[in-house]
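Take a look at the structure set out below.
The values are calculated or read from the model by the stated rules, or taken from the named source; none is laboratory data. Computed from a prediction, not measured in an experiment: that's the story for all the values here. Positions of Cβ are generated from backbone atoms using ideal geometry, with glycine treated the same way; all protein chains shown enter the neighbour counts. To get the accessible areas, we keep the full protein, side chains included, count just its heavy atoms, and leave off ligands, DNA and RNA. Shrake-Rupley method; radii C 1.70, N 1.55, O 1.52, S 1.80 Å.
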Amino acid sequence: MNAWMLFVLAVLATWRVSHLLASEDGPADIIFRLRRRLGDGWAGSLMDCFNCLSLWIAAPAAFLLATDTLTWGLSWLALSGAACLLERLGGKPVVPVTLERDPHRMEGDSDVLR
């Protein structure tokens, strides 16, 4: 199998497993029950973060692409980055809304808290 095909497959696999763990309940609610069991601790928080999960999932997948330590490190970050891009592409579209002007706000007031 050529290197590009292997990379694309590794990206898709990284995205799929990360998405399953972060955003789905899984077959027979297995992932949901695992997420609930992990609670609010470190591991439970990890299960809620797609970007975090993609780093952990991409690490072993990078071994398929790597021939040395430098290639593994670059592959690891590239797989996670590509999975994150796929997740953003598949996200909900941004819909602009018109905000109403606050009648108590003076012209030139900053939004920064003082």
Heavy atoms only, probe 1.4 Å: what % of the accessible area of the stretch 12-60 goes to carbon and sulfur, would you let me know?
64
Two-site label geometry, residue 16 and residue 49: point separation in nm, points 7 Å out along Cα→Cβ
2.6
With contacts defined as alpha carbon pairs under 8 Å and 6 or more residues apart, what's the relative contact order of the chain in percent?
28
Solvent-accessible area per residue for the stretch 12-72 at a 1.4 Å probe radius, Å²?
64
Take residue 40 and residue 69, extend 7 Å from each Cα along the Cα→Cβ direction, and tell me the distance between the two endpoints in nm.
4.0
Probe 1.4 Å - accessible area at residue 48, Å² to nearest ten
110
Stretch residue 92-residue 1 to full length: gain in nm at 0.36 nm per residue minus the Cα-Cα span?
29.3 nm
For residue 25 and residue 56, extending 7 Å from Cα along the Cα-Cβ vector and measuring point to point gives, in nm, a value of 2.2
Tell me, what is the FRET efficiency for residue 33 and residue 85 to the nearest 0.05, using R0 = 30 angstrom and their Cβ-Cβ distance as r?
0.50
Can you tell me how the chain classifies by the Cα gyration tensor, rounded, prolate or oblate, using a/c under 1.5 as the rounded cut?
prolate
